[in-house]
Amino acid sequence: MEYNRVSADCHLDMPWMPPELFVSEASNEMKDRMPYVEDGPDGPQWVTKRGANFGLLNGVGPGGQKLVPGQNKRVDIMAETGMFEDGQKGIQRVSDPHMRLKEMERDGVDAEVIYGILGSASKMQDPEAAIEVFRIYNDWLVDFCSHYPDRHIGLACLPYGDVDAAVKEVHRCAKMGLRGLELSCSWDMDPMWHPSWDPFWEAVNEVQLPLHFHTFPTTSPIAREMASGQVRRAAMFTGVSAFQMGLIHIVAAIIGAGVFDRYPNLKIALGESGVGWLPYALDRMDFEFEDRFRDLMKHKPSEYWQMHCKATFQYDVIGPMLVNTNNLMTEDTLMWGSDYPHTDGIWPESSKYIDEQFPGLSAAQVKKITCDNAVEFYGLKKSN
C-alpha cells in the first residue's frame, strides 16, 4: 500500500453503531442493561433501561444531536454530502466499512485511525455493563477492520473503572489483532500517577501496542446535560475550548510517575489534543524537573515526549509555527487527523485546511506530519 495521507484521528461513535448490536451480542444476564434504539420525540434514539441517553440514531457528532441547519458551519458542510439524510434512511455511511472507505477517498485519505465509543461509559453510569459494551464493540471492530486492514486502523476501547478488566481486555484485543488501545479519560477515575495503574502499564508494555488518550473532560457529563438553552451552550463552549489542554494532566502524570522509565516499550498518542499548547507545557515541566523534581525521573520531560509520545490535531495554526522551537516539539511527534465525522472535524475539506496551516514548514515536514509519522507509529506496510 502506498500512503500519501493518513488521518490519525477519526471516529466511530455510539449513534452510528448497528442498532441491534449490543443487545444481540450481550450475555443473557447483561441484555437488559445494554444500549438499544427506541423511538423518541426527534426520531430513533440510543438509550438504556437505566436512563442513559446517547443521542439520535445516526445523529450529529458523538452526542447524536439533531441536525440544526445554520448552527454549525462544519456540520452544514458535512450535511451537504448527504451523510445525515442517508442516516435518517438507515444508511450508515460511518459504520459500513465499504461506504466509509469512499468517505476517506472523497477526502484524499489513504488510511485512518479510528477512535471508538469510550464516551458512552460515563453516560451509562453502569461500570459492569460498560465493560460488556466495550467487549462487544471490540469484537465488532475486529470484523469492521478486516475488510481493509491496511486502511482502517481500529483502537480497542478499554474500561477505565476496573484496572483488572482493562488488563484482560488489553491482552484479549492484542491477540485479536487490533492495532492500538484507547483508554477513557474521565473526571472521576484514579489519576494516572496513582500506583493502581501499574498492572495496566505492565500489560500495555508487554503487548507493545500504542496507547491513546482522547480529550480530558473538565466537568461531569451529567452536570452539563442537566443544563438547558444558552446555559448548556455556554457549558459546551467551555468544554470544547478547554478539553485539549486538559490532556496535560495525563502527560505530566505519566512522566512524573516514572512510567516510561519502568515500562520503556510504552508508546502514547494524544487524540485531537491540538499542539499549540504543547511547547509551553513541555517547557514548564522541564523547568519544574530542573528546579525540584530531578528525583522522579531520569530524563527531562521533553525528552520523554520526544521518545514515547505523539499528538494529533486537525487544524492548529499556532502549533506548526512552534515546531522545533527550543527542541521541545519536533515534527516527528505530530500527526494530523481529520476528526471525521465529528462536528469540529474538517472532512471533506482536509486538503484545504492542510494547505492553510503549514506555510512555514517544508514539504518533507508536512509529509511527516500528515502521513509518515502515522505509518511508522502504527507499523503500516508500505509498498516497495
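The values are calculated or read from the model by the stated rules, or taken from the named source; none is laboratory data. What you see is a predicted model, and the numbers here were worked out from it, not measured in a lab. Ideal geometry is used to build each Cβ from the backbone, glycine not excepted, and the neighbour counts take in all protein chains shown.
Couple of notes before you dig in:
- All conditions but one from (1) assigned to a helix (DSSP H, G or I); (2) under 26 Å from Leu57 (Cα atoms) apply to Tyr148; the one that does not is (1).
Table: residues versus (1) hydroxyl-bearing (Ser, Thr, Tyr); (2) in a loop (DSSP other than H, G, I, E, B); (3) touching a strand residue (DSSP E or B) at 6+ places or on another chain (Cβ under 7 Å).
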position	(1), (2), (3)
Trp46	no, no, yes
Gly51	no, yes, no
Phe54	no, no, yes
Asn58	no, yes, no
Gly63	no, yes, yes
Leu67	no, yes, yes
Gln71	no, yes, no
Ile77	no, no, no
Glu85	no, no, no
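- Looking across the stretch 94-106, just one residue is surrounded by 20 or more Cβ atoms within 10 Å (Cβ to Cβ) and over 18 Å from Val60 (Cβ atoms), and that is Met104.
- Residue ID - modelled with the lowest pLDDT, chosen from residues in the stretch 299-322 that are of a type in the set (A, V, I, L, M) and surrounded by fewer than 21 Cβ atoms within 10 Å (Cβ to Cβ): Val317
- Filtered residues of the stretch 273-291 (kept if part of a helix (DSSP H, G or I) and either buried (at least 20 other Cβ atoms within 10 Å of the Cβ) or in contact with a helix residue (DSSP H, G or I) (Cβ under 9 Å, 6 or more places away or on another chain) (or both)): Leu278, Pro279, Ala281, Leu282, Asp283, Arg284, Met285, Asp286, Glu288, Phe289
- Residue within the stretch 178-185 that is of a type in the set (D, E, K, R), surrounded by fewer than 21 Cβ atoms within 10 Å (Cβ to Cβ) and not in a loop (DSSP other than H, G, I, E, B) present: no
- The stretch 326-344 - residue that is on the phi > 0 side of the Ramachandran plot and modelled with pLDDT under 95 and, of those, nearest to the chain's Cα centre (by Cα): Asn327
- The residue pairs whose first member lies in the stretch 295-319 and is assigned to a helix (DSSP H, G or I), whose second member is of a type in the set (Phe, Trp, Tyr) and crowded, with 23+ Cβ neighbours inside 10 Å, and whose beta carbons are closer than 8 Å, counting only pairs six or more residues apart or on different chains, are Tyr304/Phe260; Met307/Phe260; His308/Phe260; Gly319/Phe313.
- Test: residue in the stretch 353-373 that is part of a loop (DSSP other than H, G, I, E, B), out of contact with any strand residue (DSSP E or B) (no Cβ under 7 Å at 6 or more places or on another chain), surrounded by 14 or more Cβ atoms within 10 Å (Cβ to Cβ) and not aromatic (Phe, Trp, Tyr): yes
- Residue that is surrounded by the fewest Cβ atoms within 10 Å (Cβ to Cβ), among those in the stretch 53-69 that are of a type in the set (Gly, Ala, Ser) and touching a Leu at 6+ places or on another chain (Cβ under 8 Å): Gly64
- Answer from Ser120, Ser95 - the residue that is within 26 Å of Gly337 (Cα to Cα), touching a residue at least 40 places away in the same chain (Cβ under 8 Å) and assigned to a loop (DSSP other than H, G, I, E, B): Ser95
- Condition check for Leu270: closer than 28 Å to Ala156 by Cα, outside any loop (DSSP other than H, G, I, E, B) and among the aliphatic types (A, V, I, L, M): yes
- Contacts under 6 angstrom Cβ, first residue in the stretch 134-148 being within 15 Å of Val23 (Cα to Cα), partner of a type outside the set (A, V, I, L, M) and surrounded by fewer than 19 Cβ atoms within 10 Å (Cβ to Cβ), 6 or more apart: Ile136/Glu25
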